[in-house]
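> Let me begin by handing over the structure; questions about it come next.
We did not get these values from a lab; they are worked out from the coordinates using the rules stated. Here the structure is a predicted model, which is why all the values come from computation and not from measurement. Backbone-built Cβ (ideal geometry, glycine too); neighbour counts: all protein chains shown.
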């Protein structure tokens, strides 16, 4: 069984993740999110909780970084995918450092430029998808489709 | 009934004040999820936050959803086939960290069942258009399947097909 971690903050990021994650064959799929109530409402049971944070607030970011490291360390995912935002980036970061392949799907909310978390994910070598065709560039940021 | 929401994270008093002013002209009940705010609306049934199940039940009963330009609410409206009015937050007024909601709203304007009010003065007309629109069809994004396949392919083999 391939261990797959699918992660997103609560709200729109989570709704997008729900549209993109299906029952991947022969995978041990686990979720990580900031809003356990919303995850339960989506019928997801195997959910790890992350504190919310954003990359411009160092204390909250540090807290989230530590908690997400704990989750990723214990679960040891072989694949990490995220639809954002900063908590998802940390899961991608630790996943990448522990050898997972990582995919960042930038939120459709980012129609002008890739989000800060997305640019960070690119920087550490995650694959990156945008949901706006005009934001795709050569091979680094690809467009395959969108949820809307 | 019209359901007003500012999402789950940040208050958005400008929208709540605006719909509170407009409600008497509309002849429809409004229920609002206001987020954290000290403003007490007089013409709306309001609560800082509804639980996910209660919120979904309200949304499924609503004729129209009026919302900040958050993707969660846009996807919910689409799933429930409800028309939606988007009123974007502005960073210059301290309503969000940046102006991505302005570009989201601008890009989504013109999608079936999505109406955009960039300012308070445009809200009343957008609400009238939204109410007149009625339930929308169940159109899934034409490119969603391709995106799902790309994600599944990445999980299976590491390639984005």
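> Rank these for me by crowding, B:127, A:59, going from fewest to most other beta carbons within 10 Å.
A:59, B:127
> Can you give the mean number of other chain Cβ atoms that lie within 10 Å of the Cβ atoms in peptide A:13-23?
If you average over the peptide's residues, the count of other-chain Cβ atoms is 4.
> May I ask you to sort B:14, A:140 by Cβ crowding, counting other Cβ atoms within 10 Å and putting the fewest first?
A:140, B:14
> Another one. Averaged over its residues, how many other protein chain Cβ atoms are within 10 Å of peptide B:86-98's Cβ atoms?
1
> In percent, how large is the relative contact order of the stretch B:2-157, given Cα pairs closer than 8 Å and 6 or more residues apart?
20
> For chain A, rounded, prolate or oblate, judged on the Cα gyration tensor with a ≥ b ≥ c (square roots of eigenvalues), a/c < 1.5 rounded, else prolate if a/b > b/c?
It comes out rounded by the Cα gyration axes.
> If you don't mind, there's one more thing I want to ask. How would you classify the stretch B:1-116 from its alpha-carbon gyration tensor, with a ≥ b ≥ c the square roots of the eigenvalues: rounded for a/c under 1.5, else prolate if a/b is greater than b/c, otherwise oblate?
rounded
> What whole number of Å gives the distance from the Cα centroid of the stretch A:85-148 to the Cα centroid of the stretch B:121-144?
What the calculation gives is 29 Å, centre to centre.
> How well do other chains shield peptide B:139-151, expressed as the mean number of their Cβ atoms within 10 Å of each residue Cβ?
Counting Cβ atoms of other protein chains within 10 Å of each residue's Cβ and averaging gives 6.
> Then there's this: For B:34, B:143, A:56, what ranking results if the residue with the fewest other Cβ atoms within 10 Å of its Cβ goes first?
So the ranking, lowest neighbour count to highest, is A:56, B:143, B:34.
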